[in-house]
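To start, the structure under review is shown below, and the notes come after it.
The values are calculated or read from the model by the stated rules, or taken from the named source; none is laboratory data. Just so you know, these numbers come straight off a predicted model, no measurement behind them. Heads up, the Cβs are rebuilt from the backbone with ideal geometry, glycines too, and the neighbour counts pull from every protein chain shown.
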Amino acid sequence: MPLVAFTSQLQRFTETPEIRTAAATLRDALGAAFEANPRLRHYVLDEQGHLRQHVVVYISGRRVVDREALADPLAPDDKVYVLQALTGG
Amino acid sequence: MVDRAWVASRKGLIELRRRAGGWSVARTSFVGDPVSMVLPPDASGRMVAALNLGHFGVKLHASDDAGATWREVAAPAFGPQPEGATGPAWKVVMVWAMERQGGTLYAGTLPGALFRSIDGAQSWQLDEVLWNQPGRPAWSGGGYDTPGIHSISPVGDDTVLVGVSCAGAWITRDGGAHWGQTAHGMRADYMPPEQAFDPDVQDPHAIARCAALPDVLWCQHHNGIFRSTNGGVRWDELHAPLSSFGFAVAAHPADPLTAWFVPAVKDQCRVPVDRALAVNRTRDGGATFETLRAGLPQHDCYDLVYRHGLAIADDGTTLMMGSTTGGVWASDDAGDHWTALPARLPPVYALRFG
């Protein structure tokens, strides 16, 4: 199952569970993490459900392309890292 | 005696206290995080800080013990953006203004929206009438990519005036059921001549109200200073010495003829005139001004006092200002003399007593 992990920077603000999920898309994988900690959602996504402008997500080394619908597909052995983008300071 | 002030800064919320030796830093919260605005404690110690985290967005924190401890509360947020909506994205970029009137909290944001909370920031409601003004998608940014509400001036439960960069000033007198433009008389020298007096393009940098006579309003505008004596129905231009460009204005809480401004050269050169920091004060409604310099740096000074960086206390004589380069100065005599805070702070976004 894909692994989802978050930048340790977020631990200043809220818990960041590292989870394994059977999700087939990034959207569903993030949703599983937000179920574990609902407060995490609005640190990663804005109110329109898009990735925040200065948050970046890599899937097994690939930078996520679809930042709005979050439709990037996940393979069973993918590793998803949610990180802060350097554009944000 | 006024003995506490709050500095919302680029790198934290800084509490200043006045003790025997003068003002000094008492506590810093949110070290390292940008704090875009602070609402000082009410009588029960309840206060709110707005954070603008570089990566993770706008967050609000509330304290019930005047800043000793904090907890995260709801931040203003838009509902789903309709398909095909024009104008800026329906995403709160920054909380630029916060005010309290009775049991209502107000937040002004980038993009230019007004939110209310009647449950102590547990939830926020968008003022949809103002947001849905037909011309709102055409409002332009001023200093930021999107338009924003930086000044919120409530009077009683029903009247609220907001300053918008760049869309003039808007007022409701029925609690938000209707809003109307109220920047008539302001002049924009950055527009084509035929549009100079169009209220919808005005860039009021800050609007302040005389608490005792709320029909008296002062505006430090992008290219001038304006005053209204009829609650914003009509604005008259004033002319200050050194420069009429600046960001900050403080209105005397009781004397409708007195206000303070901090001039800078011009929009293309945002430094003090001759790199010497000064405050302009009028005590006659803007007919004349005094330029006050005692205790302020008079050479090699690049300090710009931003729109929320100048505060007047309820006593009408205690002033404090903070700059974009982290200087803070206080006055106990209505600006005649100033004393520098013995600390170098981060860039100051807002400074408030309370």
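Things worth noting here:
Results for (1) in contact with a strand residue (DSSP E or B) (Cβ under 7 Å, 6 or more places away or on another chain); (2) under 15 Å from B:Asp200 (Cβ atoms), shown as yes or no for each residue.
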{"residue": "B:Tyr106", "(1), (2)": "yes, no"}
{"residue": "B:Pro111", "(1), (2)": "yes, no"}
{"residue": "B:Ile118", "(1), (2)": "yes, no"}
{"residue": "B:Trp124", "(1), (2)": "yes, no"}
{"residue": "B:Val129", "(1), (2)": "no, no"}
{"residue": "B:Gln133", "(1), (2)": "no, yes"}
{"residue": "B:Ala138", "(1), (2)": "no, yes"}
{"residue": "B:Ile149", "(1), (2)": "yes, yes"}
{"residue": "B:Asp158", "(1), (2)": "no, no"}
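- Boolean, A:Leu70 is surrounded by 14 or more Cβ atoms within 10 Å (Cβ to Cβ), in contact with a helix residue (DSSP H, G or I) (Cβ under 9 Å, 6 or more places away or on another chain) and within 20 Å of B:Glu72 (Cα to Cα): no
- Candidate set: segment A:13-27, residues that are in contact (Cβ under 8 Å) with a residue 40 or more places away in the chain and assigned to a loop (DSSP other than H, G, I, E, B); chosen: the one nearest to the other protein chains (Cβ to nearest Cβ): A:Ala23
- Residue count, segment B:59-71 (criterion: surrounded by 15 or more Cβ atoms within 10 Å (Cβ to Cβ), within 14 Å of chain A (Cβ to nearest Cβ) and without any contact (Cβ under 8 Å) to a residue 40 or more places away in the chain): 2
- Pick from segment A:41-79, criterion closer than 21 Å to B:Gly57 by Cα, in a strand (DSSP E or B) and in contact (Cβ under 8 Å) with a residue 12 or more places away in the chain, ranking: nearest to the other protein chains (Cβ to nearest Cβ): A:Val55
- The listed residue being modelled with pLDDT under 95 and among the polar types (S, T, N, Q), out of B:Thr104, B:Thr86: B:Thr86
- When B:Gly108, B:Gly103 are checked against the criterion of being surrounded by 23 or more Cβ atoms within 10 Å (Cβ to Cβ), more than 12 Å from chain A (Cβ to nearest Cβ), closer than 30 Å to B:Thr318 by Cα and not hydrophobic (A, V, I, L, M, F, W, C), a single residue qualifies: B:Gly108.
- Considering residues of segment B:260-293 that are aliphatic (A, V, I, L, M) and part of a loop (DSSP other than H, G, I, E, B) only, the residue surrounded by the most Cβ atoms within 10 Å (Cβ to Cβ): B:Leu277
- From the list B:Ala89, B:Ala50, B:Ala77, the lone residue that is without any contact (Cβ under 8 Å) to a residue 60 or more places away in the chain, within 22 Å of the chain's Cα centre (by Cα) and within 14 Å of chain A (Cβ to nearest Cβ) is B:Ala77.
- Checking B:Trp338, B:Trp329 one by one, the residue that is farther than 19 Å from B:Pro253 by Cα and under 20 Å from the mean Cα position of the chain (by Cα) is B:Trp329 and no other.
- Any hit, segment B:2-16, residues being in contact with a Leu (Cβ under 6 Å, 6 or more places away or on another chain) and surrounded by fewer than 21 Cβ atoms within 10 Å (Cβ to Cβ): no
- Scan segment B:90-99 for residues that are surrounded by fewer than 23 Cβ atoms within 10 Å (Cβ to Cβ) and in contact with a His (Cβ under 9 Å, 6 or more places away or on another chain) and the total you get is 1.
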